[in-house]
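Shown next, in structure tokens, is the structure this report addresses.
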Amino acid sequence: MERVVSGIRPTGKLHLGNYFGAVKSFLQMQKEYDCFFFIADLHSLTTHPKPSDLHANVRSVLAEYLAMGLDPEQCALFIQSDIPAIPELYTYMNMNAYLGELQRSASFKEKIRTQPNNVNAGLLTYPVLMAVDILVHHADYVPVGKDQQQHLEMTRQFGNRFNRLYEQEYFTEPQAFSFTGELVKVPGLTGQGKMSKSSGDADTVIFNEDDEVIRKKIMRAKTDSGPTSLNQEKPEEIQNLFDLMALVSDSSTLEHFDQSYANCEIRYGDMKKKLAEDMVNFISPIRERIREVERDEGYLSKAAKIGADKANESANKTLKEVREIIGFRKFY
Ligand code: ADP
Ligand code: TRP
């Protein structure tokens, strides 16, 4: 079976954009591919989290993915720091990554700009660690967004360079992968661009948020004074509400409001009320499940252990072979 690897950053609470843009494809992929999904807690050390925050974030992301339906029996869902082969392989791969190419990475340049006071070596070699995450499982596919494509290109570069250096066809070339064929963009509530946690609290619908908060956020979403001519094109903030409705409401509801917009009869208050109800109906069962899983210490630890065992088996095999290829031979 072809292999898929993807890393999830343990930051913030999952929002509707994360679900439709990433988690939903993971749920499909776990049925069709040999999947390795992991929480990238080693990567997150570049931001120096407090130990208690680090643990709490990893825990809540794990609970969220399990609650949304990632099945530890179907895929390997694991925590990166549970796999000791990763930092070891990272050491080896760092020897073949050149300063110039690392400095040219777009994400590194961006960090220099946005956090000039914390330009650590981990940020510089972030693409090496990411390459190791992928190469260690000989991934065929990596479902990533546009922002990660350069990292994937570097992964291929590092894998191929290793192969050339040791004159072996060892590492597989991973390809970018979009499961749905087209990239989904979930709009935010503040009327500008995609839903993102970096655009602030009012922009996102978060899974771990109470019904009343969700209703309020939607009722506050920006609208205009309404269409003035028949079949008028919708401005961005209005189109966004329709796009959100398309995700959580049934098609007759969407058609109804589409028609009333085209006829200039739409009342945004009614539309938002309906959107809020449908959103709450979509979110609340998942939220309840998240809260259940978060309280279930036994399930969390069992799931993390199953994932770690699967990932360690795959990673240790690679590490053993790499050590052999490099020329480490035991004297005892
Ligand atoms: P954020 O933009 O809130 O910081 P992340 O960058 O952590 O979210 O995204 C994690 C995953 O969720 C990525 O695979 C990303 O492509 C997907 N994603 C995030 N926001 C959206 C969105 N608004 N629409 C579609 N996919 C999204
Ligand atoms: N760099 C990715 C991000 O910022 C997270 C990540 C780490 C990852 N290792 C990976 C993604 C391996 C895919 C494969 O979102």
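The values are calculated or read from the model by the stated rules, or taken from the named source; none is laboratory data. None of the values given here were measured: they were computed from a predicted structure. Neighbour counts run over all protein chains shown; Cβ positions are idealised from the backbone, glycine included.
For the reader, a short list of remarks on this structure follows.
- Members of segment 169-201 that are closer than 24 Å to residue 155 by Cβ and among the hydroxyl-bearing types (Ser, Thr, Tyr): 170, 172, 178, 180
- When 153, 169 are checked against the criterion of being of a type outside the set (Lys, Arg), under 25 Å from residue 311 (Cβ atoms), modelled with pLDDT of 95 or more and under 21 Å from the mean Cα position of the chain (by Cα), a single residue qualifies: 153.
- For the criterion of being in contact with a His (Cβ under 9 Å, 6 or more places away or on another chain), touching a residue at least 12 places away in the same chain (Cβ under 8 Å) and within 16 Å of ligand 2 (Cβ to nearest atom), residue 21 fails.
- Reported count of residues in segment 80-136, each being among the charged types (D, E, K, R), away from ligand 1 (no atom under 16 Å from the Cβ) and in a helix (DSSP H, G or I), is 5.
- Candidates 225, 199, 229, 178 - the one that is more than 23 Å from residue 281 (Cβ to Cβ) and touching a Gly at 6+ places or on another chain (Cβ under 7 Å): 199
- Residues in segment 42-58 that are surrounded by 17 or more Cβ atoms within 10 Å (Cβ to Cβ) and away from ligand 1 (no atom under 14 Å from the Cβ): 5 in all.
- Considering segment 180-293, the qualifying helices (runs of 4 or more DSSP H), each wholly inside and each with 2 or more residues that are within 16 Å of ligand 1 (Cβ to nearest atom) and surrounded by fewer than 18 Cβ atoms within 10 Å (Cβ to Cβ), run over 236-248.
- Considering 129, 62, 165, the condition of being in contact with a Leu (Cβ under 7 Å, 6 or more places away or on another chain), in the same structural domain as residue 305 (by TED's automatic domain parsing) and more than 13 Å from ligand 2 (Cβ to nearest atom) is satisfied by 62 alone.
- Of all residues making up segment 132-145, the number that are away from ligand 2 (no atom under 11 Å from the Cβ) and either under 15 Å from the mean Cα position of the chain (by Cα) or hydrophobic (A, V, I, L, M, F, W, C) (or both): 0
- Residue within segment 218-232 that is under 23 Å from the mean Cα position of the chain (by Cα), modelled with pLDDT of 90 or more, away from ligand 2 (no atom under 16 Å from the Cβ) and small (Gly, Ala, Ser) present: no
- Listed by first and then second residue, the pairs with beta-carbon distance under 9 Å, at least 6 apart or on different chains, first residue in segment 293-316 and on the phi > 0 side of the Ramachandran plot, second surrounded by fewer than 15 Cβ atoms within 10 Å (Cβ to Cβ), form an empty list.
- Boolean, residue 60 is among the small types (Gly, Ala, Ser), more than 13 Å from the chain's Cα centre (by Cα) and closer than 26 Å to residue 131 by Cβ: no
- Here 46, 11 are screened, and the one residue that is in contact (Cβ under 8 Å) with a residue 40 or more places away in the chain and more than 10 Å from ligand 2 (Cβ to nearest atom) is 46.
- Criterion: farther than 24 Å from residue 153 by Cβ, within 13 Å of ligand 1 (Cβ to nearest atom) and in contact with a helix residue (DSSP H, G or I) (Cβ under 8 Å, 6 or more places away or on another chain) - qualifying residue of 20, 37: 20
- Boolean, residue 153 is free of Cβ contacts under 8 Å to residues at least 12 places away in the same chain, within 16 Å of ligand 1 (Cβ to nearest atom) and closer than 24 Å to residue 178 by Cβ: no
- Among the residues listed as 96, 160, 118, the single one being more than 16 Å from ligand 2 (Cβ to nearest atom), in the same structural domain as residue 16 (by TED's automatic domain parsing) and without any contact (Cβ under 8 Å) to a residue 24 or more places away in the chain: 160
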